[in-house]
1. Quick check: anything in the range 151-162 open to solvent by 50 Å² or more (accessible area, probe 1.4 Å) and either over 20 Å from residue 85 (Cα atoms) or aliphatic (A, V, I, L, M) (or both)?
2. So, in the range 226-251, exactly how many residues are away from ligand 1 (no atom under 14 Å from the Cβ) and within 10 Å of residue 106 (Cβ to Cβ)?
3. Has the range 182-194 got at least one residue that is more than 24 Å from residue 259 (Cβ to Cβ), surrounded by fewer than 17 Cβ atoms within 10 Å (Cβ to Cβ) and away from ligand 2 (no atom under 13 Å from the Cβ)?
4. Might you let me know whether the range 210-220 holds any residue that is part of a strand (DSSP E or B), in contact with a strand residue (DSSP E or B) (Cβ under 7 Å, 6 or more places away or on another chain) and either among the hydrophobic types (A, V, I, L, M, F, W, C) or at pLDDT 95 or above (or both)?
5. Out of all the residues in the range 128-146, which are open to solvent by 20 Å² or more (accessible area, probe 1.4 Å) and either modelled with pLDDT under 95 or within 16 Å of ligand 1 (Cβ to nearest atom) (or both)?
6. Considering only the range 57-73, I want to know if a residue exists there that is assigned to a helix (DSSP H, G or I) and away from ligand 1 (no atom under 12 Å from the Cβ).
7. Restricting the range 228-243 to residues that are within 14 Å of residue 186 (Cβ to Cβ) and small (Gly, Ala, Ser), which is surrounded by the most Cβ atoms within 10 Å (Cβ to Cβ)?
8. Give the range 222-231 a look and list any residue that's within 18 Å of the chain's Cα centre (by Cα) and of a type in the set (A, V, I, L, M, F, W, C), or say none.
Amino acid sequence: MTTWTEDSVATELLACEAERRDRVKFTDEWPELDVATGYRIQAETLRRRLARGEQITGVKLGLTSRAKQERMGVDTPLVAWLTDAMVLEEGEPVPQHALIRPRIEPEIVFVMRDRLEGPGVTAEQALAAVAEVRGGAEVIDSRYRDFRFTAGDVLADNASSGAYLVGGVALDPSALDLAAEAVEVIVDGQAVHTATGADVMGHPAEALAMAVNDLADRGIAMEAGWVVLTGGMSDAVNATPGTTVTCRFATLGDVVLACGRPD
Ligand code: OOG
Ligand code: MG
């Protein structure tokens, strides 16, 4: 049996990402890879992303809705990193050439105006630090075959980060009822999933506060200007080449992703 270390898992995960190669989860061979270990490996992969020139653009939350927790079989909310290498511009297709098995999910996105540092931050305080809210679509991808993992595995894998697109409509958080904000996930004209902001921990600001407090456990502040993806509101859909996926938000508008060509 291979003897894994935090360092060798970080190396293997970044190699899988670069080579578009999936693998079985590490906990099959290293059951000690728990949540705390997963966060340390995630921090190491972030250090390596930054060392190769990427810049942090913000934070992504995962498994903040029951739909996502049930689908993935993991009920621990996750915090992970977004970098500029993951940004998609409107009109850009899903980068199939760089991803293994991309899936798309609708997310409510915050852009921070103020720096915030936990612990003890409430949803109300968190929302007061937000500059704007937008609709978004995350393209998740997993370095684990068929997205099969435990909480420790997926945290190490930067919570299945792939790419993300932020919609063009920006509102002050006071301008809409975020819990009631509905979204439809539409694949080639067919509605596949529906959800509302309340599906994200009751209110997306609760997820934001959780992220701030969780980062504080590791001595990290939420910085002004950071983008926060608050987590898939519904289950994801496959980014099947040739299809178009639209996340249609009631107030925040359409976020459209063409799924590109096979290669
Ligand atoms: C884990 C990542 C979850 C979300 O929004 O829930 C995530 C996964 O589903 O592979 O990004
Ligand atoms: Mg997500």
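The values are calculated or read from the model by the stated rules, or taken from the named source; none is laboratory data. Quick caveat, the model's predicted, so the values are computed rather than measured. Cβ sites come from the backbone with ideal geometry, for glycine too, and all protein chains shown count toward neighbours. Surface areas here come from the heavy atoms of the whole protein model, side chains and all, with no ligands, DNA or RNA. Shrake-Rupley method; radii C 1.70, N 1.55, O 1.52, S 1.80 Å.
1. no
2. Number of matching residues: 4.
3. There is no residue in the range 182-194 that is more than 24 Å from residue 259 (Cβ to Cβ), surrounded by fewer than 17 Cβ atoms within 10 Å (Cβ to Cβ) and away from ligand 2 (no atom under 13 Å from the Cβ).
4. No, the conditions are met nowhere in the range 210-220.
5. Of everything in the range 128-146, those that are open to solvent by 20 Å² or more (accessible area, probe 1.4 Å) and either modelled with pLDDT under 95 or within 16 Å of ligand 1 (Cβ to nearest atom) (or both) turn out to be 134, 145, 146.
6. No.
7. Step by step, filter the range 228-243, then rank; the result is 239.
8. 222, 226, 227, 228, 229
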